[in-house]
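For reference, the structure is listed below as structure tokens.
Any read-out appearing in this document is the output of simple, stated calculations on the displayed coordinates, not a laboratory observation. On a predicted model such as this, the values are computed, not experimentally measured, just so you know. As a convention, Cβ positions derive from the backbone with ideal geometry for all residues, glycine included, and neighbour counts pool all protein chains shown.
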Amino acid sequence: MENEILDALKTMDAADVVSSKLASCYIVENGNRYLLFQAKKLSAKIKKNKEKVAILGRIGAGNKSTSVEYSGSLTIYHNTALFDKMVEKYLKTGVDTYFDMQVVNNDPTSKAGRRSVILKGVNLDELTAAEFDAEGKYIEQEHNFTYEGVKYVQHFNELDGMQA
């Protein structure tokens, strides 16, 4: 009986793990599309805000989702003026820049396939005006940002064996 259960248990193939290095990132700002190959690391979060809800007949409170907040961080090798120009425009004119960011994960080895997500209305929180580090290796910048929404253009495939 125990062997039958173990034989029936499907596991993921190692080849189907999606490499985090095999991704691309594009920025669309004012009708211009840029390949952000300077990008090193990205994390975009969706935080659900919840309120406690008292429920008659229960000792414990429930939790009701009421809104969401979008935020993230992007680390780049700083060898582009793209973000500098956005902040410079804001400093000179008071006009802030919002842009879309498309992230594509595509590991050809994985049967999970390709995923494409667009972060809508990205807005930088801060920018480093100048930097150096005598003991460092490379000039990098981390940009925290907010965004206004997300569009899932393409989802990963469902892998064989996921449905039980």
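The label-point distance for Thr128 and Lys45, in a model that sets each label 7 Å from Cα toward Cβ, rounds to 2.1 nm. Longest segment of the chain with no trypsin sites (Lys or Arg not before Pro) in a DSSP loop having at most 13 other Cβ atoms within 10 Å? Between the exposed loop sites, the longest stretch runs 59-136. Within 10 Å, at most 16 other Cβ atoms, and a DSSP state outside H, G, I, E, B define an exposed site. Report the longest part of the chain free of exposed GluC sites (Glu not before Pro). Result, exposed sites excluded: 1-125. Taking 0.36 nm per residue of sequence separation and removing the Cα-Cα distance, the Thr80/Val104 pair yields an extension gain of 6.6 nm. Based on alpha carbons, the Rg and Dmax found for the chain are 21.5, 74 Å.
Modelled this way, with points 7 Å down the Cα-to-C-beta line, the labels at Asp13 and Ser65 are 3.3 nm from one another.
With contributions of -39500 (n - 2.57) from each DSSP H run of at least four residues, the per-residue ellipticity at 222 nm computed over the chain stands at -3500 deg cm²/dmol.
Spacing of the modelled spin labels on Glu88 and Val28, each 7 Å from Cα toward Cβ, amounts to 2.6 nm. Karplus-derived 3J(HN,Hα) values for segment 49-64, using 6.51 cos²θ - 1.76 cosθ + 1.60 with θ = phi - 60°, are 8, 10, 10, 6, 10, 6, 10, 4, x, 10, 7, x, 7, x, 10, 10 Hz; glycine and proline are entered as x.
Relative to the dominant Cα principal axis of the chain, helix 82-93 is inclined by about 60°.
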